[in-house]
Every structure is written in C-alpha cells, then in structure tokens.
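As structure tokens, the structure follows; a few thoughts come after it.
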Amino acid sequence: MKIEDKKRVLREMVLHRRFEERCYQAYIERKIGGFLHLYPGQEACCNGVMEAARPGHDYVITGYRDHVHAIKCGADPKEVMAELYGKETGSSKGRGGSMHIFDAGKRFMGGYALVGGPFPLAAGIAKAIQLKGGDEIAICFLGDAANNQGTFHETMNMAALWKLPVLFVCENNLYGIGTSIERSTAVIHQHKRVAAYNIPADECDGQDVEIVYQHARKAVDHVRAGNGPYFLELMTYRYRGHSMSDSRGYRSREEEELWKQRDPIFILRDRLIAEGAMTMADYEAIEKETDAYIENEVIKFSEESPEPRVEDLEKYVLADRETQLPWLTGKAA
Amino acid sequence: MANIMYWEAIQRAHDEEMARDPLVICMGEDIGVAGGTYKATKGLYEKYGPLRVMDTPISEGGFTGLAVGASFLGVRPIVEIMSVNFAWLAMDQMFNSAAKVRYMSGGQLTAPCVFRSAGGAAHQLGAQHSARMEKVFMGIAGLRVVTPSNPKQAYGLLKSAIRCDDPVFINEHELMYNMKGEVPDGEYFHPLEGSEVTRAGTDVTLFGYNISVHWCLKAAEILDKQYGISAEVVDLYSLAPLDRAGIKASVSKTHRAVVAEEDEAPVGVGSEVIAIINEECFFELDAAPVRVHSALVPQPYNHTLEKATIPDHEDVVKAVLKMFGKA
Ligand SMILES: Cc1ncc(C[n+]2csc(CCOP(=O)(O)OP(=O)(O)O)c2C)c(N)n1
Ligand SMILES: [Mg+2]
C-alpha cells in the first residue's frame, strides 16, 4: 500500500473504532435500542479487503455486524448513526436498525440478521452481475460460525458450479456469540472447508491491514478476472462482547489482552511512525478530530433528526401502489 | 382464444416474458434440460440457454436466496419449487430476505421475484408430498400470494407477477397442470389483487380458490338443479391481499357464506375469510359462516384414508344443506 493510502486508512480505521465506541455509549444512554454488534478489533479485515476492491462500485453484503462495512462502502456515518437512533434520516429511514444498514447507492446491499442468510444473496448478486456483464464483483463478509449453516455449502457449490464473481470473506474471530470455534466446528481453519468445492482459498492475519490488503489483492483480482469465486479467511478477534448483553464469561481476560497486543490500528500507526510518515502527535490529532466530528456532526445530526411518522408505518412494505397498478388491476396498456 | 392446458399457459407466460426482457430468468430443479416436472418450462432451455434457464442443485434455500439476491439488481427470476412441501427449506429466504428487504432498507432495495410451486394432494403421494401451505405464505408482510384456478389465470397471473416489483408466491396445484381452458390469444395480464365472481347467485356465497373453485362450481350446479338453492361462486385468486371489498359485496348480497379449501382448517383461508366477514358485514349474515376443509392429519397414503382427508364438492353441498336446515 502507498503511504498516502495507509495514512487515509489509518484515519478511516480510527473513525470506525470511535464510531463504534460512541455507539456503545449511546446504547448505555438508551439512545440506541435492540441488538448492537460492534466491530472493534476487526477493522483491518473490512479495510484491507475494501482497499483492494472498489468501494461504491463492487457490491458488498454482510451480517448484523455491519456499520463499518457500510461506512467503508461510502455510507454517510451520520445516516448510519441516525439509523441506530431510529430516525427518519437514517440509512434505512429508521425501519432497519443496527442489523439492517443499507445504502443501495453505494452498493452496500445490507446487513442481515439470519446467520448464513447473505451467502446465497451474495451469489445472486454475482449472478446478476454475470448476466448484465459488468466488471463489478460481489463481496460477502461473514463470520466463522456462519459457515456451519447449510447455505454455506449450498452457496459454495452453486458459486463454483456457475463461476460466479463473488468473493467470500470469512472474518474468523474464533467465536459465535459465546461458543468458541473448537466447540462448534470440526475444522478451525475455515478456508479448508471450500476445497471440496474447488474454490481457491487463502488465509492470513486479519490484524495487519497491509497483510489483509495483499491477500485481498490476489483474491479480488482473481474474481474480477472472471475466474469464479474465491474464499479468503482472516484471523481476527472482536474486543467487545458479541452484542451488548454479553459479559464474555466464556473467554479469559488474558486471551483478550493477547489479542489487543496486535491491535489493527496500533499496528498501522506504529508502522507509519517507524517509516517516518507521521508522529504520535499527528495520530493524537486524528483521534481528536475524529471524536469532534462524531460529536459535532454525527451525534448532533442523529439527535436532531425527526422520528418517522406513525402515519408512514406501512410505507415500504410493498412497492408504491400507483407504480404497480397495471399488474394489480390487470389494466395494463 | 386458444384452448390450452394449465402447464402450457404457464410455459407461454415464461416464454413471452423471457423473449421480451433478457433479465427475466428461471430456475429450479429439472426445469431446463428435462423441461420441468410439470412441463411448465418445456423448451425454454433450448431457446434461452443455461444462463437464463438454470437447472439448480437440490438446494432450495440456496437457489431461492440466489434468486432473491439477483433480483436486488433488477433481475426478474422465476423460481420453481418442485413441490410446495420443499418450500419449507426456502422459506427463510422468501420470508426473511425477499419479503422484508424493502421495509428494512427503507425502500432502497426490492425483490421482484416470482416463486412458483405445486401444492395440494395428488394421488397417494403421502404425507411429505401432499401438503397445502397457502396458510403459511398468506400471512407474511411484504409478500403477495396468488393461486390460479384455470389456465387463463395461470397465464395472466404469472405475467403480472413477473412485471410486479413485489415478490409474489404463486400456488399451483399438482392435479391441475393438465386442465384445459381458454386463454386469450393476445397478451393478457390478470390482476394480482381482487376476486372473481365465477358464477352469480343469490342465496349463498361459496368461496374457493385454486382447485376448490371447481368443487364450488360443481356444488353450485347440484344445489341449483336438485335443491333450488342459488349459489354464488367467488374465486379468491389473490390470497394476499384477500379481497375485502369483494368478500363483503358478495356476502352482503347472499347473506350466507361457505369457504372451501383443501388446506387443513386451523389457521387459513377459511378462518381469514370468516374474520373478514365478521369485520366487514357481520350484520348482513343470516347464518353462521362455515368452513369446508381437510382433516388435520399428515396426508395418509392409503387411498380410502386419503379420500376421507380431502374434501370435495359433496362436502360443500352438505355444508350448504346443513346451513339451510335441509340435512
Ligand atoms: C439463523 C440464525 N441462528 C442463530 C442466530 C443467533 N446468532 C446471532 S449471531 C450468532 C453467532 C454468529 O457468529 P459468527 O458467524 O462467527 O459471526 P460473529 O458474530 O462472530 O461476527 C448467532 C448464533 C441468528 N441470528 N440466526
Ligand atoms: Mg465469529
């Protein structure tokens, strides 16, 4: 990665981290409801892959831990936060919530709450790309435990069979909620599981954004060149509980500390400082600016935005009636 | 007007729509090279090729989800689920993805998919190949459900379903694919909403849909000829949304109602239509509305037991006679 890109990515990762930490606080203050799954610790995964891809051009889909993926695709952090606040100005107009961030304009095709549900959706997006003949690819980010769903195997088979332009990124954070991977899955290294479908696969450190980028570069190029699907496994760790009600009794504080030694933001920061591209003071300024932006713009916007109107409760269930009348009434011209 | 079979009508709708729009595709098990279990996609593989007529692996959840994902980008997939009994494996994607995506994305994404499936009891296919499941589909927000009772509807409903931006589930019937009927020669779009008065009458309304429309028509004939009772038959080809206005109009005229369904009774078209009657025109009623339905058993294999499970026109006649104090 070029120095300028690394500096930009560091700034983005700081935003991603602080955004999520601010969500935590807003949840405690009861500004955010429902389930809230946070991303700290895993930032290098999304950033490394998307640096190799084309955000806003390639289609991205993921599970419920979706805020950062949306923002990386180009979604406005203000709209993502407003969605968490349930506001009309939210990315899904307050109808989706934390687990259902969408930004179709930025080709972020959504967060979905059913574990394993996005696998076939991603393959379908790739099928549409194949039919239309575009140079986009579909990228599906999911966790390790999702691979135990039937949809994983069904989708790998179809994607390989039909050579669909889809990149599966497995963010292996070693846990599915409170069940460690050894206790749920016969194979720890997930990339081994797709060999049966003749899908090329790779695994790498998910904490160092440059390493992720290098491996993703190969993966993205493979898929974009029309060679069919690819599976990339990134070894990573989530610092916080699975969602907000999780006190992490299923793992040790020592294990957590060990992973925090390899923090994706600090790895990149320290490298940039060592390379002489920035100083610690520069970094601290980034943190300050980020926090100010989140407070003065993101939070302010979310606080001040209006709630959806109860009169609009049934809006968006079906397509606008007027536009569908020929088929609903049979009076097609 | 061409007199063609139900399966031919479905095939024709596929063919016309696929010829018109390269983004209309179809997929399912054995639909391509083999031409489809019910021939509904016969000849399409040869005409449109494997990219648009997709023989899928036996992965109902997987390929249904794939269709939904493709539809986000404007592809119009027609998914054939070989038997509605297998649709349980696809329901996660139909309900959690297709039906909800518009809402949970605040209107940004939509899933213009068509899911077609054969439901109903054929002949001794046993418990896992005979289910009716319209009750499951018709209560899902964001999903339209239609069910054709004849070739004209089979053609016109599919045409409209493909064009409509909402996901549509089309409930067909194993026993109806070879039924013949008149279909307009020109392009025809059947409304996805509403109901049809198939036979006008004054004394009682017989509500049916799909195969039970035919029981109702036969029953109406018998009631008229043998008992002097004038029955109106209303075809509820749209199960979601149900036609509240149509139900109200007919019952307000006849003051009596029987709902005939092949599905088993607890929860279903019968309970829903009667709830609508209560809400819309309770004081018009001269008698308590009645349901005619299957017994609540997994479909038995034995011929006599199977017959005892599924209602027919005689059960409709009996229900009406009882209502009129004649049985
Ligand atoms: C079909 C389904 N089953 C169960 C759940 C409950 N659930 C939510 S997240 C989760 C664990 C998933 O873990 P993983 O795929 O590794 O993703 P991570 O949360 O670690 O990012 C479970 C069991 C669900 N949402 N959907
Ligand atoms: Mg996990």
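The values are calculated or read from the model by the stated rules, or taken from the named source; none is laboratory data. Values in this document were obtained by computation on a predicted structure and should not be read as measured data. Heads up, the Cβs are rebuilt from the backbone with ideal geometry, glycines too, and the neighbour counts pull from every protein chain shown. Please note that ligands, DNA and RNA were not included when accessible areas were found on the heavy atoms of the full protein model with its side chains. Shrake-Rupley method; radii C 1.70, N 1.55, O 1.52, S 1.80 Å.
Across the residues of A:110-120, average count of Cβ atoms on other protein chains within 10 Å?
Across the residues of A:110-120, the mean count of other-chain Cβ atoms within 10 Å is 5.
Give me the base-10 log of I(q)/I(0) for region A:5-93 at each q in 0.20, 0.23 Å⁻¹, Debye formula, one uniform scatterer per Cα, rounded to two decimals.
-0.96, -1.23
Return the subset of B:K218/B:K248; A:K31/A:K132; A:K7/A:K192 for which the Cα-Cα distance in this structure is over 32 Å, preserving the input order.
A:K31/A:K132; A:K7/A:K192
Take the alpha carbon atoms of region A:279-333, find their center, do the same for region A:78-100, and report the distance between the two centers in whole angstrom.
So the separation of the two Cα centres works out to 5 Å.
Grab every C-alpha pair in region B:122-276, bin the distances at 10 angstrom width from 0 up to the longest one, and report whole percents.
Pair shares across the bins are 11, 39, 37, 13, 1.
So which residues of region A:137-159 lose at least 40 Å² of accessible area, probe 1.4 Å, when you go from the chain by itself to every protein chain present?
Buried on complex formation: A:E154, A:M158.
Residues with amide H under 5 Å of A:V317's amide H, sequence separation 5 or more or different chain, H placed in the peptide plane at 1.01 Å from N; which?
Amide H to amide H, under 5 Å and 5 or more residues apart or across chains, A:V317 pairs with nothing.
At 1.4 Å probe size, with the rest of the protein present, what percent of the exposed accessible area of region B:196-323 is carbon and sulfur atoms?
On region B:196-323, the fraction of accessible area on carbon and sulfur atoms equals 56 percent.
Over the whole of B:92-103, what's the average partner chain Cβ count within 10 Å per residue? Rounded to a whole number, please.
Per residue, the average neighbour count from other chains is 5.
Enter the Cα centre distance for the pair region A:211-246 and region B:53-70, rounded to the nearest angstrom.
Centre-to-centre distance over Cα atoms comes out at 24 Å.
Give the accessible surface of chain B per residue, rounded to a whole number of Å², with probe radius 1.4 Å and ligands, DNA and RNA excluded. Mind dumping the intermediate values first?
Working: 11410 Å² over 327 residues.
Ligands and nucleic acids excluded, the result is 35 Å² per residue.
Sort B:46-58, B:296-308 by packing, meaning the average of other beta carbons within 10 Å per residue, with the highest value first.
Highest to lowest by the protection proxy: B:46-58, B:296-308.
At 20 °C and a viscosity of 1.002 mPa s, what translational diffusion coefficient does Stokes-Einstein give for region B:196-323, taking Rh as the Kirkwood radius over Cα pairs? Give it in µm²/s as a whole number.
Value of D from the Cα-based Kirkwood radius: 148 µm²/s.
Given a cut-off of 46 Å, what percent of all Cα-Cα pairs of the protein assembly as shown lie beyond it? Before the final figure, lay out each step's value.
Numbers: 57830 of 217470 pairs.
Tail of P(r) above 46 Å: 27 percent of Cα pairs.
Mean separation of Cα pairs under 8 Å and 6+ residues apart, divided by the residue count of chain A: what relative contact order is that in percent?
22
Count, for each residue of A:307-318, the Cβ atoms from other chains sitting within 10 Å of its Cβ, then give me the mean as a whole number.
3
Rounded, prolate or oblate: which one fits region B:89-201, using the alpha carbon gyration tensor with axes a ≥ b ≥ c (rounded when a/c is under 1.5, else prolate when a/b beats b/c, else oblate)? Write out the running numbers ahead of the final one.
On the way: a/c = 2.11, a/b = 1.24, b/c = 1.70.
Oblate, since a/c reaches 1.5 and b/c is not below a/b.
Excluding ligands, DNA and RNA, what is the accessible area buried between chains B and A, summed over both sides, using a 1.4 Å probe, to the nearest 100 Å²? Walk me through the numbers before you get to the answer.
On the way: alone 13370 and 15350 Å², together 24800 Å².
Using a 1.4 Å probe on protein heavy atoms, the buried area is about 3900 Å².
Can you give the percent of C-alpha pairs in chain B whose distance is more than 35 Å?
Tail of P(r) above 35 Å: 20 percent of Cα pairs.
Starting from the Cα gyration tensor of region B:2-183, take the square roots of the eigenvalues, sort them a ≥ b ≥ c, and report rounded, prolate or oblate (rounded when a/c is under 1.5, otherwise prolate if a/b is larger than b/c, else oblate). Show your work: numbers first, answer last.
Numbers: a/c = 1.44, a/b = 1.18, b/c = 1.22.
The shape class here is rounded.
Placing +1 at every Lys and Arg Cβ and -1 at every Asp and Glu Cβ, with all other atoms neutral, what dipole size does region A:3-329 have around its Cα centre, in debye to the nearest 20? Please list the in-between numbers first.
Working: 41 positive and 51 negative charges, 145 e Å.
Rounded to the nearest 20 debye, it is 700 debye.
Given the whole protein assembly as supplied and a 1.4 Å probe, what does the accessible area of A:R253 come to in Å², nearest 10?
110
Mind ranking B:144-156, A:222-234 by how tightly packed they are, going by the mean number of other C-beta atoms within 10 angstrom, highest first? Each step should come with its number before you reach the end.
Numbers: B:144-156: 26.7, A:222-234: 21.8.
Ranked from most to least packed, the peptides come out as B:144-156, A:222-234.
What does the highest-first list of B:214-221, A:118-125 look like by mean Cβ count within 10 Å?
Ranked by mean Cβ neighbours within 10 Å, highest first: A:118-125, B:214-221.
Tell me the Rg and the Dmax, in Å, that the Cα atoms of chain A produce.
Final numbers for Rg and Dmax: 20.3, 70 Å.
Any chance you could check region B:156-192 for residues losing 50 Å² or more of accessible area when the partner protein chains are in, compared with the chain on its own (1.4 Å probe)?
The answer is B:F189.
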